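The numbers here are math on the coordinates, done by the rules we state, and not lab data. Bear in mind that the values here come from a model prediction, so they are computed numbers and not experimental data. Glycine gets a Cβ as well: all are built from the backbone with ideal geometry, and neighbour counts include every protein chain shown.
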Amino acid sequence: MTTPSRLPEPYGQGGGSNLADILERVLDKGVVIAGDIRINLLDIELLTVKLRLIVCSVDKAKEMGIDWWESDPALSSSARRDQLARENSELRERLARLEELEPSRVPKEER
């Protein structure tokens, strides 16, 4: 009688895992890749680049407190609307201040 192995089979053996399974596992758990690149010349540090890459699902990212895409106007329509409303308000305030400085330039029907 043979006993089943407690260790999972490595990928590629037994046909149990395919790319979709691996992707699902990575997105569910998340993967962090970190690295630093330093360029020195005669013991003088010229450049340091710190790389941090997180690959995970949106739900997992939100669990970790990462949600920057929700407030980026390039990625979120609601953030874009908020930005436009804010700019519109600022422009109206500037216009009101300018009209207060030179009321003689404001047409009579707008006064």
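Of all aspartates and glutamates in the structure, the ones whose alpha carbon falls short of 13 Å from that of LYS62, not counting any fewer than 8 places away in one chain, are ASP28, GLU70.
Nearest 0.05, what FRET efficiency do ARG38 and TRP68 give at R0 = 30 Å with Cβ-Cβ as r? So, using R0 = 30 Å, E works out to roughly 0.70.
For region 18-111, count the residues as N, evaluate 2.2 N^0.38 Å, and divide the Cα radius of gyration by that value, please. Kindly include the intermediate steps, with their values, before the conclusion.
Working: Rg = 25.0 Å, N = 94, 2.2 N^0.38 = 12.4 Å.
It is 2.02.
Could you give the length gained by full extension between ILE22 and GLU100, i.e. 0.36 nm per residue of separation minus their alpha carbon distance, to one decimal place?
Working it through step by step, the gained length comes to 21.6 nm.
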